[in-house]
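The values are calculated or read from the model by the stated rules, or taken from the named source; none is laboratory data. All values reported here derive from a predicted model rather than from experimental measurement. A quick note on method: Cβ atoms are made from the backbone with ideal geometry, for glycine too, and the neighbour counts reach across all protein chains shown.
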Amino acid sequence: MPLRVVVDAENGISPWRQVHDQIIHAITTGSLPRDARLPPIRQLSRDLGLASGTIARVYRELEAAGWVATARAKGTTVTGPADRPDPATLLHRAAAEYARHSRGLGATPDATVDAVRVALANLDAPVQ
Amino acid sequence: MQSTSAAAVAFAIGPAVAGLILLIVLWPNEKQGVRLLAKWGVPNPAADQVPVAVRYLRRRRFLYPWLFVGIPLIPRADDVLGGRGFGSIVFVALFGGLIAELLAQRSPRQSRKEALLAPRGVLDFAPLWTLILNILAIGAAVASFAVQGQWPAAAVVLGAAAVSWLVVFLSVRRPAAGDPDVDLALRTRSARVALGLSVGTTGTLGLEVGAPPAFFAVLATTCAFIAIVGPPAKPRTTTTAAH
């Protein structure tokens, strides 16, 4: 199944952040293997209805963090960081991202933690 | 001058009525959407895949009658395109495809948008042999017309080729329509039909100008047309770009 990236303009997270996080998630989970080519900036920006500068920023940030590399002939390819983060690091990174988003929404620390508990409970709940 | 315009309008009224009747008769429904998807690689389309294909067909067929009426109103169009024969139908389909692909370049309006995380190119939708066959057919036709001094016909063939390549380019460029399987099917159809139609113009013009050996030219271009517009042999479930 081809890997897709989804941008929802109404979910409160900036579009560049959504694209950025989904690409990192795809790389860390192995859905985007090493040397996989990413679409050109123009293609992705047209498909998602975003400015090409937005996607350029995503690629720039990913490149700065060592997730991808851009070469003239090959375009942008997945490199992955030299030492791929372990699950604990990924968990902390996701938690930090969630905490940032929660604070952006004005939620209290208790409400933030409660939301995680509810989400975990929903994961464990039997499917109706 | 006025009488020429009046004649052109009068000449267009009959086909306009015929075009509208055709539009009503051929207006695509779900059944045709299912057939299109099945033909182009989605053998058992789901209920949410069919409307995308129907919209794709409607966008094209809506344009055909207007083009059929409008093209003859262009000065000397009938002389160049060869009257109201099969050739004009080929041109209508080609220009209809071009306008439909231009309209499809607009970004979808919904707030949730999806894109494949893989580069796509012309060869994902039109295999190399279809491009080579197209170039060979166009090149042979232009050379043949040039040798006979049929420069307008040569120009029309080149123009049709340019339009078809533009359609291929636009079909690769446009935002995705539907899920990846439907998107692949529709892009493939657009690209291959456009390439086939430009080859078809060489045959129809060969007949119109009576170029010897017209019979073999028409036979060869008909074979090339059928080969190019034929859908892929095996149904596919994934896109080439994903490999």
Name, by its number, the condition in (1) within 23 Å of B:Lys113 (Cα to Cα); (2) within 12 Å of chain B (Cβ to nearest Cβ); (3) surrounded by 14 or more Cβ atoms within 10 Å (Cβ to Cβ) that does not hold for A:Gly75. (1)
Those residues of region A:51-69 that are under 30 Å from B:Ala104 (Cα atoms) and either touching a residue at least 60 places away in the same chain (Cβ under 8 Å) or within 13 Å of the chain's Cα centre (by Cα) (or both) come to a total of 3
Of all residues making up region B:91-125, the number that are within 28 Å of B:Val218 (Cβ to Cβ), surrounded by 22 or more Cβ atoms within 10 Å (Cβ to Cβ) and either facing another protein chain (nearest Cβ under 9 Å) or among the aromatic types (Phe, Trp, Tyr) (or both): 2
Number of positions in region A:8-50 that are in contact with a Phe, Trp or Tyr (Cβ under 8 Å, 6 or more places away or on another chain) and in a helix (DSSP H, G or I): 4
Mind counting the residues in region B:21-77 that are within 16 Å of the chain's Cα centre (by Cα) and part of a loop (DSSP other than H, G, I, E, B)? 2
Does any residue of region A:78-86 turn out to be over 21 Å from A:Arg4 (Cα atoms), more than 14 Å from every other protein chain (Cβ to nearest Cβ) and within 14 Å of the chain's Cα centre (by Cα)? no
Quick check: is even one residue across region B:126-133 more than 14 Å from chain A (Cβ to nearest Cβ) and either at pLDDT below 90 or not in a helix (DSSP H, G or I) (or both)? yes
So if I check each of A:Gly53, A:Gly66, A:Gly106, which one is surrounded by fewer than 17 Cβ atoms within 10 Å (Cβ to Cβ) and assigned to a helix (DSSP H, G or I)? A:Gly53
Close pairs (9 angstrom Cβ cut-off, 6 or more residues apart or separate chains): within 10 Å of B:Ser107 (Cβ to Cβ) and of a type in the set (Ser, Thr, Tyr) in region A:31-50, modelled with pLDDT of 90 or more and part of a loop (DSSP other than H, G, I, E, B) anywhere: A:Ser45/A:Ala51
Being of a type in the set (Asp, Glu) and under 23 Å from A:Glu10 (Cβ atoms), is that true of even one residue in region A:77-96? no
